[in-house]
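Asks: Submitted below is the structure of interest, expressed as structure tokens.
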Amino acid sequence: MLRLHYNLERVSMGLVAAIIVAASIGGLVEIAPLFTIDETVEIPADLRPHTPLELAGREIYIREGCYACHSQMIRSLADEIDRYGPYSLASESAYDHPMLWGSKRTGPDLARVGEKYSDAWHVAHLVNPRAVVPASIMPAYPWLAATPLDTASLSAQMATLARLGVPYSPERIANAAEDARSQARPDSAGAAGVAQRYGERVALRPFGGDPARLTEMDAVVAYLQSLGRLTTAAHDAP
Amino acid sequence: MPTSEKYNDHIVRLFLLAAAVWGIVGMSIGVLAAAQLAWPALNFETSWLTFSRIRANHTFGVIFAFGGSALMGTCYYVVQRTGHTRLAFPRLATFTFWGWQLALFLAMATMPFGITQSKEYAEPEWFIDLIIAVVWVSFGVVFFGTLARRRIRHIYVANWYYGAFIIAVGLLHIVNNLALPVSLTKSYPIYSGVVDAMVQWWYGHNAVAFFLTAGFLGMLYYFLPVRSGRPIWSYRLSIVSFWGIVFFYIWVGSHHLHYTALPYWVQTLGMTFSVMLLVPSWASAGNAIATLNGAWHKVRDDATLRFMFVAAVFYGLSTFEGSFLAIRPVNSLSHYTDWTVGHVHSGTLGWVAMIIFGAIYTLVPQLSGRETMASPRAIEWHFWLSVAGTLIYVVAMWNAGITQGLMWRTYGADGSLTYSFLESVMAMAPYYLLRTIGGALFLTGAVICAFNVRATMLAAPAGAGATDRPLVPQAAE
């Protein structure tokens with residue numbers, strides 16, 4: 001063995017080849033089988049992708065770095081189930097590019113935060129967390145309520161996600177901007193279209209509080225209220 | 001041997017200078033981020049100064065800007081010295097410096113504005129990833145090109161590690177960042193859900209393995225023997241530990257996903273290999289410490305060598321802790337808590353930064369044509385500030401993490417959870433304060449280091465600071 005190595009370390013390309021082989025095996029064994037996950041993880045029949053407004057909120061959640069302190073992955077441990085709800089299933093993030101499971105809970109898990117708090121609570125909390133939770137150490141995000149939501153790029157984003165396998169039909173893509181506006185304006189003409197394209201269970205309301213203005217706050221709150229509510233599969237799991 | 005040939009030391013100096021500056025930038029952001037968790041008012045309600053946005057600036061800044069610049073600089077130094085040859089492709093080598101600095105600058109300038117992929121330790125968007133990929137391949141061409149023209153038949157062990165670092169990081173970077181762009185500042189990774197999580201932590205933990213471990217072991221294997229004047233204790237042990245690290249590490253990323261929706265067998269493999277990894281890790285740490293046998297008086301007297309000794313000790317401690325935390329039931333307590341943060345900093349402050357400082361204090365005088373650094377006393381100050389800062393930080397985060405983990409899972413007699421999440425946040429206050437103090441001490445040391453480096457380079461004898469050393473056979477090998 002030692003002699004073999006003695007010779008190996010005189011041939012740089014031999015060393016390179018040996019490193020590539022040794023460093024590839026683990027990744028191949030663990031990752032390659034996961035690409036067949038479509039066959040092992042059943043996509044629930046009622047799983048829907050995010051609506052355009054929720055998707056816009058998700059982009060803002062990523063932009064602001066919320067995932068640095070909030071996980072979206074309830075582990076299969078008794079205390080987590082008691083605190084946050086049923087443990088997270090693989091299928092629940094099947095359409096998430098990227099996944100936002102997170103790795104640190106400086107704040108609580110958000111995988112099932114949807115509809116646990118009112119819209120008004122979320123708005124007040126995001127504008128100034130200490131106004132609602134005096135001991136909170138979360139930063140304030142007051143600019144969300146002040147910034148109009150950019151809906152122009154939603155179609156392009158959804159088209160890209162569709163190429164990666166997220167079920168955004170051409171009809172959903174074409175109506176992205178309109179659907180984003182209508183979801184926050186339940187009495188508008190387009191509201192029926194949102195329900196028709198994304199299902200009756202989709203919440204239609206002025207999430208940010210003001211139906212006259214569509215802001216980033218509407219999108220973020222719509223996204224937060226959708227968390228854990230894209231399918232009921234986890235509640236039915238054993 | 002042609003006597004007119006000279007080493008390319010200019011590129012090494014550039015990288016070391018960049019490392020000293022980026023170290024201060026990355027650590028300053030870290031101290032600010034730590035302070036924001038203690039006093040939320042320090043977010044200033046300003047989007048680009050907010051904790052959640054600048055956290056990635058801290059991690060990317062210290063790992064890739066500070067650590068990366070130090071790794072590339074020392075790698076170029078070591079491969080020339082151990083091969084008795086000048087660096088291959090000098091223009092490409094210069095390109096790797098400016099290209100790397102450009103990528104770092106773009107990454108650091110875009111992340112505070114929310115331009116991020118959100119993948120941990122791979123936050124920069126796709127156009128920056130492309131620049132990084134080009135620079136990295138060029139780095140590999142220069143390194144292996146230089147190795148190919150070496151005059152010493154045997155490839156010294158430090159170069160095995162630098163080589164593995166370059167190959168594996170290139171592979172990890174490309175696979176993890178495969179994405180479909182929507183616009184210049186927005187892309188979607190091709191992976192989703194559970195596959196994305198596995199790829200992310202395969203990358204994330206191997207960034208630790210090959211960036212923060214293999215590369216720095218290369219540094220250790222060269223600078224520790226040179227500074228102590230002792231040969232590596234065991235050649236056989238270095239072979240065993242090298243191949244153990246290269247082979248085992250790649251399996252362990254899934255220990256970040258215990259009890260999640262990742263298939264159970266993948267979690268189990270990750271845990272098993274994490275525990276096995278302790279063998280080559282401790283073989284490396286033990287080999288380094290045993291190398292100091294016969295040179296302990298130097299460890300006592302020479303703060304530079306003491307930096308390297310402490311680095312080896314923290315390497316041993318962190319790798320033990322890492323294997324321990326990867327065990328499923330332990331992980332159920334520690335995951336998502338500040339224990340992980342403490343573990344990472346025991347490795348990055350105690351091991352990575354300390355070995356960098358040891359290498360800087362060894363190289364800078366030599367590259368400036370001087371016997372010693374401008375102020376040897378300042379090195380002592382720096383050393384004790386670093387040790388104190390690291391210990392305060394790590395002990396605070398251990399306490400924080402274990403407290404959180406226990407509070408989250410405590411049940412009352414009536415079978416309900418005893419503590420609200422908020423109570424666990426409130427319990428963190430003293431630890432977050434201590435962490436800020438520990439980080440500030442460490443940062444102070446890094447600032448002292450940068451001034452000392454500057455003074456040493458400026459005090460170089462006329463011309464010595466700007467010229468390359470002539471090629472002379474060295475003791476290594």
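Asks: For a footprinting-style exposure proxy, rank B:Ile11, B:Ile392 by other Cβ within 10 Å, fewest first.
Replies: Placing the least packed residue first, the sequence is B:Ile392, B:Ile11.
Asks: Continuing with this model, one more query. In nm, give the distance between the simple-model label positions of B:Thr467 and A:Ala45, each being 7 Å from the Cα along the Cα-to-Cβ direction.
Replies: The modelled label-to-label distance comes out at 8.3 nm.
Asks: To make sure I understand, if each residue's beta carbon is the centre and we count other beta carbons within 10 Å, what order do A:Ser188, A:Ser71 fall in, fewest to most?
Replies: A:Ser188, A:Ser71
Asks: Also, quick follow-up: With the cut-off at 15 Å, report for the stretch B:150-204 the share of all Cα pairs above it, as a whole percent.
Replies: Values: 916 of 1485 pairs.
The proportion of pairs with Cα distances above 15 Å equals 62 percent.
Asks: Enumerate the amide H contacts of B:Leu180 below 5 Å, restricted to partners 5 or more residues apart or on another chain; note that Pro and chain-start residues carry no placed amide H.
Replies: Those qualifying (amide H under 5 Å, at least 5 residues apart or on another chain) are B:Tyr188, B:Ile190.
Asks: Where both residues lie in the protein assembly as shown, what percent of DSSP beta bridges are antiparallel, nearest 5? Write out the running numbers ahead of the final one.
Replies: Numbers: 7 of 8 bridges.
Rounded to the nearest five, the antiparallel share is 90 percent.
Asks: With charges set only on the Cβ (+1 for Lys and Arg, -1 for Asp and Glu), what does the dipole of the protein assembly as shown come to about its Cα centre, in debye to the nearest 20?
Replies: Values: 47 positive and 45 negative charges, 545 e Å.
Charge dipole, the protein assembly as shown, about its Cα centre: 2620 debye, nearest 20.
Asks: For a protection proxy built on the mean count of beta-carbon atoms within 10 angstrom, sort B:208-218, B:261-271 highest first, please.
Replies: Most protected by this proxy first, the peptides run B:208-218, B:261-271.
Asks: Can you compute the helix-only [θ] at 222 nm over the protein assembly as shown? Use -39500 (n - 2.57) per DSSP H run of at least 4 residues, normalise by all residues, nearest 500 deg cm²/dmol.
Replies: Helix contribution divided over all residues of the protein assembly as shown: -19000 deg cm²/dmol.
Asks: At 0.36 nm per residue, and after removing the present C-alpha to C-alpha distance, how many nm does the segment from B:Ser375 to B:Trp39 gain when stretched out fully?
Replies: Using 0.36 nm per residue and subtracting the Cα-Cα distance, I get 117.3 nm.
Asks: If you don't mind, another one. Only Cα pairs under 8 Å and at least 6 apart count here; give the relative contact order of the stretch A:122-238 as a rounded whole percent.
Replies: The normalised contact order for the stretch A:122-238 reaches 23 percent.
Asks: Still on this structure, please answer the following. Expressed in nm², what is the orientationally averaged projection area of the convex hull enclosing the Cα positions of chain B?
Replies: For chain B, the mean projected area of the Cα convex hull comes to 23.1 nm².
Asks: Just to be sure I understand: if I project the alpha-carbon convex hull of the stretch B:32-166 onto a plane and average over all orientations, what area do I get in nm²?
Replies: Result: a mean projected hull area of 8.8 nm².
Asks: If contacts are Cα pairs under 8 angstrom and at least 6 residues apart, what is the relative contact order of the stretch B:1-70 in percent?
Replies: Numbers: 59 pairs, mean separation 32.4, N = 70.
It rounds to 46 percent for the stretch B:1-70.
Asks: Another question about this same structure. Test of understanding: extend the Cα→C-beta vector of B:Arg230 to 7 Å, then name every residue of the stretch B:312-332 with backbone N under 19 Å from that spot.
Replies: B:312-317
Asks: Averaged across the residues of B:388-396, what count of C-beta atoms belonging to other chains lies within 10 Å of each residue's C-beta?
Replies: Taking the mean over all residues of the peptide, I get 0.
Asks: What is the log10 of I(q)/I(0) for the stretch B:316-378, computed with the Debye formula using one identical point scatterer on each Cα and no solvent, at q = 0.15, 0.17, 0.26, 0.28 Å⁻¹?
Replies: Each listed q maps to, in turn, -0.59, -0.66, -1.03, -1.11.
Asks: Could I ask something else about it? Using 0.36 nm times the number of residues separating B:Asn293 and B:Ile152, minus their current alpha carbon distance, what extension gain do you get?
Replies: Roughly 48.1 nm would be gained on extension.
Asks: Apply the Karplus parameterisation 6.51 cos²θ - 1.76 cosθ + 1.60, with θ equal to phi minus 60°, to every residue of the stretch B:293-304 and state each ³J(HN,Hα) to the nearest whole Hz, in sequence, with x for glycine and proline.
Replies: 3J(HN,Hα) across the stretch B:293-304, in whole Hz: 4, x, 10, 5, 5, 6, 4, 5, 8, 10, 4, 5.
Asks: Continuing with this model, one more query. Could you tell me the relative contact order of chain A? Use alpha-carbon pairs under 8 Å, at least six residues apart, and round to a whole percent.
Replies: Contact order relative to length: 27 percent.
Asks: Roughly how many nanometres apart are two label points built 7 Å out from the Cα toward the Cβ at B:Asp301 and A:Ala192?
Replies: Taking the two extended label points, one gets 9.2 nm.
Asks: First measure r as the distance between the Cβ atoms of B:Ala429 and B:Phe320, then evaluate 1/(1 + (r/R0)^6) with R0 = 35 Å and state the FRET efficiency to the nearest 0.05.
Replies: Computed FRET efficiency for B:Ala429 and B:Phe320 comes out at 0.75.
Asks: To the nearest whole number, what is the average tally of beta carbon atoms from other chains within 10 Å of the beta carbons of peptide B:328-336?
Replies: That average works out to 3.
Asks: I'd like the FRET efficiency for B:Trp48 and B:Leu130, computed as 1/(1 + (r/R0)^6) with the beta carbon distance as r and R0 of 25 Å, rounded to 0.05.
Replies: Working from the Cβ atoms, E equals 0.55.
Asks: Would you please calculate the Kirkwood hydrodynamic radius of the protein assembly as shown over all C-alpha pairs and express it in Å, rounded to one decimal?
Replies: It is 26.6 Å.
Asks: Taking each residue of A:11-21 in turn, how many C-beta atoms of other protein chains fall within 10 Å of its C-beta, and what is the average? Walk me through the numbers before you get to the answer.
Replies: Details: counts 2, 11, 3, 1, 8, 7, 1, 4, 13, 5, 2.
Counting other chains' Cβ atoms within 10 Å and averaging over A:11-21 gives 5.
Asks: Here is a further query. Could you go through the stretch A:125-142 in sequence order and give the Karplus-derived ³J(HN,Hα) for each residue, using 6.51 cos²θ - 1.76 cosθ + 1.60 with θ = phi - 60°, rounded to whole Hz, and x for Gly and Pro?
Replies: Along the stretch A:125-142, the couplings run 5, 6, 5, 7, x, 6, 6, 10, 10, x, 8, 5, 10, 6, x, 8, 10, x Hz.
Asks: Another one. Can you list, largest first and rounded to whole Å, the semi-axes you get for the stretch B:1-88 by taking the square root of 5 times each eigenvalue of its Cα gyration tensor?
Replies: So the three semi-axes of the stretch B:1-88 are 40, 9, 8 Å.
Asks: Along the stretch A:89-99, what does the Karplus equation 6.51 cos²θ - 1.76 cosθ + 1.60 (θ = phi - 60°) give for ³J(HN,Hα), rounded to whole Hz, x for Gly and Pro?
Replies: 9, 4, 5, 5, 10, 4, 9, 8, 10, x, 6
Read-outs throughout are calculated quantities, based only on the coordinates presented, and are distinct from any laboratory measurement. It should be emphasised that the depicted structure is a prediction, and the values quoted were computed from it without experimental measurement. Cβ atoms come from the backbone with ideal geometry, glycine included; neighbour counts cover every protein chain shown.
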